[in-house]
């Protein structure tokens, strides 16, 4: 009986370990993710203009669709470190999709890159991370905050949920994003 229980425990452990090791994981942040983009994607770039508060989808150099956005609560300037409330500026890629976000749906931006990490380290700070394009909050408290503030995120780029649905259908992992001041 002991041998049976030991064998059963071993089989369960091996099964769980195999499931954990083979489970899909979010792509690593960084430029290498761009190579994973499907060839048939119509959208080849996302452009964010922070000063105009718009996100535009581009295809072969032409604007395809534009939506209004909200930014971090300190919208001026490039993100310097974790907790500064700024939205990053520069070139990144979309490296993860989350359809169970507390902000409806979300697409992760590959911030921080090497330059961002070095800049934050020079200040003795963490660069932060978890910068997303996302929809509206799903919790009542956050939802009220979002409705009363123009720029309310901690550094993310927020859209309406309807706009997020459209964006979600058009954007692949690896899509480049350029964020302008």
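Once Rg and the Kirkwood radius are both taken over the C-alpha atoms of segment 53-156, their ratio Rg/Rh works out to 0.98. Taking the fewest neighbouring Cβ atoms within 10 Å as the starting point, the ordered list for 134, 78 is 78, 134.
Throughout, read-outs are computed from the coordinates displayed, never taken from laboratory work. Keep in mind the model is a prediction, meaning the values are calculated, not measured. FYI the Cβ positions are ideal-geometry reconstructions off the backbone, even for glycines, and counts take in every protein chain you see.
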